[in-house]
1. Sort 140, 148 so the one with the fewest other Cβ atoms within 10 Å of its own Cβ comes first.
2. Given only helices, namely DSSP H runs of n ≥ 4 each adding -39500 (n - 2.57), what is the per-residue ellipticity at 222 nm of the chain, to the nearest 500 deg cm²/dmol?
3. Gaussian network model of the chain, Cα springs within a sub-10 Å range: biggest mean-square fluctuation belongs to which of 113, 27, 36?
4. Between residue 38 and residue 117, what FRET efficiency follows from the Cβ-Cβ distance if R0 is 22 Å, with the result rounded to 0.05?
5. If you build a Gaussian network model of the chain, linking Cα atoms that sit under 10 Å apart, which residue out of 138, 96, 24 swings the most?
6. If each residue's Cβ is checked for other Cβ atoms within 10 Å, how do 56, 74, 48 rank with the fewest at the top?
7. Eight or more residues apart or on different chains, and alpha-carbon atoms under 18 Å: count the Lys pairs in the chain matching that.
8. Can you tell me the length gained on complete extension of the stretch residue 99 to residue 31, counting 0.36 nm per residue apart and subtracting the Cα distance?
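Computed from the coordinates by the stated procedures, all read-outs in this text should not be read as laboratory data. It should be emphasised that the depicted structure is a prediction, and the values quoted were computed from it without experimental measurement. Quick reminder, even Gly has a Cβ in these numbers, built from the backbone with ideal geometry, and neighbours come from all protein chains shown.
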Amino acid sequence: MTKNAFLAAVFKPNVTPNLLSQWSLAILRAILGIMIIHNGLDKIANIESFAQAYVEVIGLPFPIFFSYVAAFTEIIGGPLVALGLFTRPAAFGLFSTMCVAIYHHILVAGFSIPYLELSAVYASCFLFFTVNGGGLFSTDALIINWLDATALSTQAKQLMRLEKAYDAVGSGKNVGV
């Protein structure tokens, strides 16, 4: 696999170019990314307590290390998802963290909806962005358009308001966006 093919697979959004759906994806992505940051900050605020109460309970080795991994995944991954930059890898990291949280809740309280609810909602949303990418209103979409002018459809570029850039590539002229 070439470098460009790999980057195209990472950055290319897998969604239909529809203005309303793209705006709603961008809003959901921004809210999720911003809201998950506070979970990471709470972990960092008292890492020893978090390690003892959550990580040791599920039997992971090196509880302090894995507590920092979870915290920094949320602190770094949250803004990345919000910006739509490296959306798939960031969302996958956050999805994995939420799966561990779900496992913890099941061990502690069984299948109790009040304990599982928030982690399950976060996990399903992050799984969605892992599979579909950040959408057309994301930094990833701008990067893939820059890397490969043919990666996005004309309709997608028009929705992103990149049609002038698209026309310039096709005609060989340098026209600003």
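1. Details: 140 22, 148 15.
Exposure proxy ranking, most exposed first: 148, 140.
2. On the way: 9 runs with 128 residues, N = 177.
Taking each H run of at least 4 residues, the total per residue is -23500 deg cm²/dmol.
3. 113
4. 0.85
5. 24
6. In increasing order of surrounding Cβ atoms, one gets 48, 56, 74.
7. Working: 3/12; 12/157; 157/173; 164/173.
The result is 4.
8. So the extension gain works out to 22.5 nm.
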